[in-house]
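First the structure, in the form of structure tokens, and then the observations on it.
The values are calculated or read from the model by the stated rules, or taken from the named source; none is laboratory data. Here the structure is a predicted model, which means the values were calculated and not measured. Backbone-built Cβ (ideal geometry, glycine too); neighbour counts: all protein chains shown.
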Amino acid sequence: MLIDLKGITKSYQTGDVVTPVLHGITVGIDRGEYVAIMGQSGSGKSTLMNLLGLLDRADGGTYTLNGMDVTALDAAQQAEVRNKTIGFVFQSFNLLKRMSVAENVALPLVYAGASRGEAKKRATELLERVGLGALGGRMPNQLSGGQQQRVAIARALVNNPPLLLADEPTGNLDTKTTEEVLKVFEQLNREQGLSIVIVTHEPDVAHHAKRLVRLRDGLVVFDGAPAEGAHG
Ligand code: ADP
Ligand code: MG
């Protein structure tokens, strides 16, 4: 199992006010799955994604990622696991304006100490994989929103992680460019065996996944086929 969550709880504390958000999430996700997470605004979707991505810590429960109990790791160890295992895509594309598309994609490799040539080669490969092989020399503002999100996907995958976490990745996109991005997810899942967890509030987006997990009040209230649960 790639992701194994058991009884995960999480509250936020602001001053004296404690807001319980996750009340015991138990869910397993295998390698190669494509899972959509739905739920009303405030139901804890982003909180759960941050925990899955080792960007935050649970208060209780256990998280086993890729066979390793990551619950007890310190911040540096978590960062190491995160860099190797997880790519992130967010609603905002977060591309650096002054860098070309190819440079944006290569940046994580440059940070990791890859040579220029190696980084460039890998960036080109990834851009081809998301259907943007010809646009590496452009600046981000010369691309459509859908294309920019595909660049962000290429960047997220440049270190070859087995897991992609996407929090409302189509939230800023119109219907047509949403389809563009979903096609890329589908292809990466089918052809590369990439495991994908995507948060969305759009039933149409959830329908593209193979499995749907619905949260309500910090609990899993549905886990099954998107066709059955996407409009619940
Ligand atoms: P969703 O992504 O499903 O809309 P979130 O996980 O972002 O929901 O938020 C769940 C609840 O936790 C909300 O009530 C939100 O206000 C609260 N919350 C989220 N992040 C924080 C934080 N850093 N500090 C305090 N409360 C937070
Ligand atoms: Mg959210």
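So that you can scan it fast, the table gives a plain yes or no per residue for (1) surrounded by 13 or more Cβ atoms within 10 Å (Cβ to Cβ); (2) within 20 Å of the chain's Cα centre (by Cα); (3) farther than 23 Å from Ile198 by Cα:
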residue	(1), (2), (3)
Val105	yes, yes, no
Pro108	yes, yes, no
Ala119	yes, no, yes
Leu127	yes, yes, no
Gly131	yes, yes, no
Gln142	no, no, yes
Ile153	yes, yes, no
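Inside segment 164-203, residues that are within 16 Å of ligand 1 (Cβ to nearest atom) and in a strand (DSSP E or B) make up a count of 6. Taking the conditions (1) within 20 Å of Gln192 (Cβ to Cβ); (2) surrounded by 15 or more Cβ atoms within 10 Å (Cβ to Cβ) in turn, Leu135 satisfies each one other than (1).
Within segment 33-62, the residues that satisfy the criterion of being more than 12 Å from ligand 1 (Cβ to nearest atom), within 24 Å of Pro169 (Cα to Cα) and more than 14 Å from the chain's Cα centre (by Cα) are Arg57, Ala58.
Could you tell me whether Leu126 is among the hydrophobic types (A, V, I, L, M, F, W, C), in a loop (DSSP other than H, G, I, E, B) and modelled with pLDDT of 95 or more? Considered against the rule, which asks whether it is among the hydrophobic types (A, V, I, L, M, F, W, C), in a loop (DSSP other than H, G, I, E, B) and modelled with pLDDT of 95 or more, Leu126 comes out as no.
Scanning segment 21-59 for residues that are under 17 Å from Gly87 (Cβ atoms) and without any contact (Cβ under 8 Å) to a residue 40 or more places away in the chain gives Asn50, Leu54, Leu55.
Scanning segment 83-98 for residues that are more than 16 Å from ligand 1 (Cβ to nearest atom) and either at pLDDT below 95 or touching a helix residue (DSSP H, G or I) at 6+ places or on another chain (Cβ under 7 Å) (or both) gives Asn83, Lys84, Gly87, Phe93, Asn94, Leu95, Leu96, Lys97.
The residues of segment 129-144 that are part of a helix (DSSP H, G or I) and either in contact with an Asp or Glu (Cβ under 7 Å, 6 or more places away or on another chain) or within 15 Å of Lys183 (Cα to Cα) (or both) amount to a single one, Arg129. The residue that is surrounded by the fewest Cβ atoms within 10 Å (Cβ to Cβ), counting only those in segment 173-232 that are of a type in the set (D, E, K, R) and within 29 Å of Gly7 (Cβ to Cβ), is Glu228.
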